[in-house]
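Contents: one structure, followed by commentary.
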Amino acid sequence: MASFLTRSNFAPAGARAAFAAALLICLAVVMPAPAQDSPVSPGNSYPNPYRTIADWAKLPEGRTWGAAAGVDVDRHGNIWVAERCGQNTCAGSNLPPILEFDPSGKLLKSFGAGMFNFPHGIHVDRAGDIWVTDGVGADGKGHQIFKFNPDGKVLMTLGKAGVAGDGPDTFNKPSAVGIAPNGDIFVADGHGPGSNARIVKFDKNGKFIKTWGKLGTGPGEFDIPHCLVFDSKGRILVCDRNNNRIQIFDQEGNYISEWKQFSRPSGIAIDAKGIIYVADSESESVSKNHYGWKRGIRVGNIKDGSVFAFIPDPVEVATGTSSAEGVAVDSHGVIYGAEVGQKDLKKYVKK
């Protein structure tokens, strides 16, 4: 091959160009595809080093758990939950859906009554303020993101109440919100058919900066951008749920990579040690495109994306969402799973 290449230097320019093109085609055929495009076998057999604690978080007497879609832990170790007013909606309810518990399960605070139709994503920022998305628009409410202080005072509102749209000041079923270290605001906007499929970026004051993404399966495209979190490098990890992958971006929206080994992601948490926790609440139930994967929480290493533990959904056969949809972790490695289907908030501790 080397001597042929050398002799080709003396061929006419057109012949050399034709040879180079043929060589590139040959290389494209024989070279392996990138790892991210390779099939990933269902990861169901990892060990489970955790035990489950149920019924630990106590609601006021007479109130029962509704669908709990979002959960986060603040800097004091308290647990914040977005709960749908004893059912799977807060429409018509006067119950407060934003709840704060201490690690023992004592309810410390609740607020947000009458403000939400469908509380979904919840995030506690570095300053201790609480951000919540409302994913359904009706009756002059919804399609918005609220920022509260820890006492429930509204500090900022993004979006127009009850108005669905894809402009710089409107959303359509926003699923999640995350705050970058510099205060920039990122919204995962969209939750299924008829909604958006994009990430929207604002500055810390709520001024629109940019948006990226559309419905699709390619890099930078989404089908239900269900959650987003930041890792220690400032990269954004997005739950691209109906594409059964996590997509990774920089804060300008440039695509970096994707991971499929964590199954069908509904929620992500990352702890200070670089451990990633990914909740899958839909495989082999709601999902019609992800057979063979079991629902549950997969635990791995954010550095290389390797998975090493799996907390399976104890429900073997389900037809709806089951196990944790939202997931959070505290500084002691205790995992919290917010469940929509079972209407519960479970705790997972090392055995």
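Numbers for the structure displayed
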{"item": "Inverse of mean 1/r across different Cα pairs in segment 76-144, Kirkwood, Å", "result": "12.4 Å"}
{"item": "Per-peptide average of other Cβ atoms within 10 Å, ordering 166-176, 227-237, 50-60 highest first", "result": "166-176, 227-237, 50-60"}
{"item": "Relative contact order for segment 49-350, counting Cα pairs under 8 Å that sit 6 or more residues apart, in percent", "result": "14 percent"}
{"item": "Length gained when the stretch Asn254-Glu61 is fully extended (0.36 nm per residue, less Cα-Cα span)", "result": "64.6 nm"}
{"item": "Whole-Å semi-axes of segment 103-182's equivalent ellipsoid (Cα gyration tensor)", "result": "22, 15, 10"}
{"item": "Label-point separation, Met156 to Ser104 (7 Å along Cα→Cβ), nm", "result": "3.5 nm"}
{"item": "Spherically averaged projected area of the chain from its Cα convex hull (nm²)", "result": "21.2 nm²"}
{"item": "Exposed-loop-free span, longest in the chain, where GluC sites (Glu not before Pro) count as exposed if DSSP calls them loop and at most 10 other C-beta atoms lie within 10 Å", "result": "62-251"}
{"item": "Nearest 10 degrees, 0 to 90: helix 13-30 Cα axis against the chain principal axis", "result": "50 degrees"}
{"item": "Neighbour net charge for Lys303 - beta-carbon separation under 15 angstrom, K R +1, D E -1", "result": "0"}
{"item": "Chymotrypsin sites (Phe, Trp or Tyr not before Pro) restricted to DSSP loop in segment 260-300 with at most 14 other C-beta within 10 Å", "result": "Tyr291"}
{"item": "Size of charge dipole - the chain - debye, nearest 20, with Cβ of Lys, Arg +1 and Asp, Glu -1, no other charges", "result": "500 debye"}
{"item": "Summed residue charge, Cβ within 12 Å of Asp203's Cβ, Lys/Arg positive, Asp/Glu negative", "result": "+3"}
{"item": "Extension reserve of the Lys273-Ile53 stretch, reckoned as 0.36 nm per residue once the Cα distance is removed", "result": "76.9 nm"}
{"item": "Full-stretch length increase - Ser45, Phe308 - with 0.36 nm per residue and alpha-carbon distance subtracted", "result": "93.7 nm"}
{"item": "Mean residue ellipticity (222 nm) of the chain, computed from DSSP H runs ≥ 4 via -39,500 (n - 2.57), nearest 500", "result": "-2000 deg cm²/dmol"}
{"item": "Cross-link table Lys173/Lys210; Lys109/Lys288; Lys141/Lys210; Lys147/Lys346; Lys160/Lys273; Lys141/Lys347, entries beyond 27 Å C-alpha to C-alpha", "result": "Lys109/Lys288; Lys160/Lys273; Lys141/Lys347"}
{"item": "Rounded if a/c under 1.5, otherwise prolate or oblate - segment 75-116, Cα gyration tensor axes", "result": "prolate"}
{"item": "Charge sum, other residues only, whose C-beta stays under 10 Å from Ile98's C-beta, Lys/Arg counted +1 and Asp/Glu -1", "result": "-1"}
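Since every read-out is calculated from the coordinates, none of them should be taken as a lab result. The structure displayed is predicted, hence computed values, not measured ones. Reconstructed Cβ throughout: ideal geometry from the backbone, glycine too, with neighbour counts over all protein chains shown.
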